[in-house]
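Following: one structure in structure tokens, then a few remarks.
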Amino acid sequence: MGDSVSRILTACGRKVVKVNLVNDRGIHICKSMLAWKRFGNGETPETSGMKGDHLVGKYYVEFDKHYKAEIAELVEKGMAKEEAEKQAPLMLEAQEMLRKWEANDPEVRALWEQMNGWVYDGFDATYKRLGISFDKIYYESQTYLLGKSLVEEGLQKGAFYRHEDGSVRVDLRDKGLDEKVLLRKDGTSVYMTQDLGTAQLRYEEYHPQKMIYVVGNEQNYHFDVLKLVIGDKLGKEFGKSIYHLSYGMVELPNGKMKSREGTVVDADDLMEEMVFQAQEKTSELGKDFAGENVQDLYEMIGLGALKYFILKVDPKKNMLFNPEESIDFNGNTGPFLQYTHARIRSLLRKAADNGIDYSETTEMALGKAEKILIKAIYEFQEVVQTAGSSMSPALIANYAFDLAKEFNRFYQETPIFKEEDCGKRNLRLQISELTALVIKNAMALLGIRVPEKM
């Protein structure tokens, strides 16, 4: 989504800087570190054969399993569940590890760097496969101290206050929201702390007209608070430039894919499944790609199907992603558009093989099908501008689908090589070539490659 919007805004003539934020510190990181230290027996990506981010994720799950067991044990001894969650030894140890991290404890920091290195290697592999890159990566470990200083600034201004439990909070009840913790009672930071620091850094480095955050709709409240804290409470002008590009959740049909703990579907598993589906579907259709780079084609079709199926839906809506439906070569799917492009390229190769130079045309009356296609091609730039102003890749996806549908109707109803009038034949080949170019460019704005053969 963020990748596609950045491509569309660039096509609209805007200067776009793609940045990513990695939450590389905090209690969630300490949970994985502690679990690995306690139960890992020195396991590494090399010894396990697991991708680094998957390995660290495994220990996050491991922490949760042992933590729940400790809570159950304390409850059995008569402690209230809420109190047991706070007093469980593993949680207390994780909190102590976070305090040590913030105090620059060398042992904790060394383990943190080692495990984060595994995660980044894993992230890089996933982004590379998706065809996504960033101009800059911010790390929470580099922004939370600036965030803390902004909280201190707000305290001195009287914009924030220190609660009786020692935490620092902001009161937004006058804005229809509630009180928000900005620093915990032990002085450690929360997500909002580092988001204040990151926003300040983004502004200082780039002075953007719009600071777009592409984050799911479960964080709508968080970004409402962020804008108010920066703009209203801290009085910083750039608070107005913050824009939360909120998107709906993507759900999957049960049992369709491998999932971890029955709740999370991994991006790598999803991509692997899509490439497998592309291979299966191609085999079913009896396609033969002898001598071609067939694995790259499966990758193109599988990831194209995945991206298109998600991007064709209005960003704000929740959606159900069905892998089998997305890989269909008919209907509003990525493979249908890829197939239409490949079909046109095949048509143009046939013209070249037959020595047809279709660059020359004469003045002539246009048929209805030709007019519809030319009009649709002409509308592409306007659709791109509208998609840019509304930050909606769905407009590009559905435009490309309508164009492909029109071309396929034109192809079925209008003779090309059987047309005796050379001028008409050449015009139809030119229209076909332009259609393929527009489909290719539209798909590129969605981060999707199109094949020459399929």
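The values are calculated or read from the model by the stated rules, or taken from the named source; none is laboratory data. Fair warning: this is a prediction, and the values are worked out from it, not measured in the lab. Neighbour counts run over all protein chains shown; Cβ positions are idealised from the backbone, glycine included.
Residue-wise test of (1) touching a residue at least 40 places away in the same chain (Cβ under 8 Å); (2) more than 31 Å from the chain's Cα centre (by Cα).
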site	(1), (2)
166	no, yes
171	no, yes
174	no, yes
180	yes, no
185	no, yes
191	yes, no
197	yes, no
201	yes, no
209	no, no
I'd like the full set of residues that are free of Cβ contacts under 8 Å to residues at least 12 places away in the same chain and hydrophobic (A, V, I, L, M, F, W, C), limited to the range 4-38.
16
Among the residues of the range 39-56, write down those that are under 17 Å from residue 107 (Cα atoms) and either under 25 Å from the mean Cα position of the chain (by Cα) or touching a residue at least 12 places away in the same chain (Cβ under 8 Å) (or both).
40
For the range 246-277, give me the residue count where each residue is in a loop (DSSP other than H, G, I, E, B), at pLDDT below 75 and under 19 Å from residue 53 (Cβ atoms).
6
For the range 37-141, which fully contained helices (runs of 4 or more DSSP H) count at least 2 residues that are touching a Gly at 6+ places or on another chain (Cβ under 6 Å)?
52-76, 106-130
Could you grab me the full set of residues in the range 87-119 that are of a type in the set (Lys, Arg) and out of contact with any helix residue (DSSP H, G or I) (no Cβ under 8 Å at 6 or more places or on another chain)?
99
Being assigned to a loop (DSSP other than H, G, I, E, B), charged (D, E, K, R) and on the phi < 0 side of the Ramachandran plot narrows it down to one of 165, 195, so name that one.
165
Does residue 63 satisfy being outside the structural domain of residue 192 (by TED's automatic domain parsing), without any contact (Cβ under 8 Å) to a residue 40 or more places away in the chain, touching a Phe, Trp or Tyr at 6+ places or on another chain (Cβ under 8 Å) and not basic (Lys, Arg)?
no
Exclusive hit being of a type in the set (Gly, Ala, Ser), in contact with an Asp or Glu (Cβ under 8 Å, 6 or more places away or on another chain) and more than 21 Å from residue 453 (Cβ to Cβ), set 359, 392:
392
Take the residues in the range 340-355 that are exposed (fewer than 15 other Cβ atoms within 10 Å of the Cβ) and touching a residue at least 24 places away in the same chain (Cβ under 8 Å), then tell me which one is farthest from the chain's Cα centre (by Cα).
354
Within the range 410-420, tally of residues that are free of Cβ contacts under 8 Å to residues at least 40 places away in the same chain and either loosely packed, with under 14 Cβ neighbours inside 10 Å or not acidic (Asp, Glu) (or both):
4
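Residue-by-condition table, conditions (1) at pLDDT 95 or above; (2) crowded, with 19+ Cβ neighbours inside 10 Å:
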residue	(1), (2)
189	no, yes
194	no, yes
203	yes, no
208	yes, no
215	no, no
218	no, no
226	yes, yes
237	no, no
242	yes, yes
Single unsatisfied condition, residue 117 versus (1) under 18 Å from residue 22 (Cα atoms); (2) in the same structural domain as residue 1 (by TED's automatic domain parsing); (3) loosely packed, with under 14 Cβ neighbours inside 10 Å
(2)
Go through (1) over 25 Å from residue 130 (Cβ atoms); (2) surrounded by fewer than 19 Cβ atoms within 10 Å (Cβ to Cβ); (3) of a type outside the set (Phe, Trp, Tyr); (4) under 39 Å from the mean Cα position of the chain (by Cα) one by one and return the number of the condition residue 437 breaks.
(1)
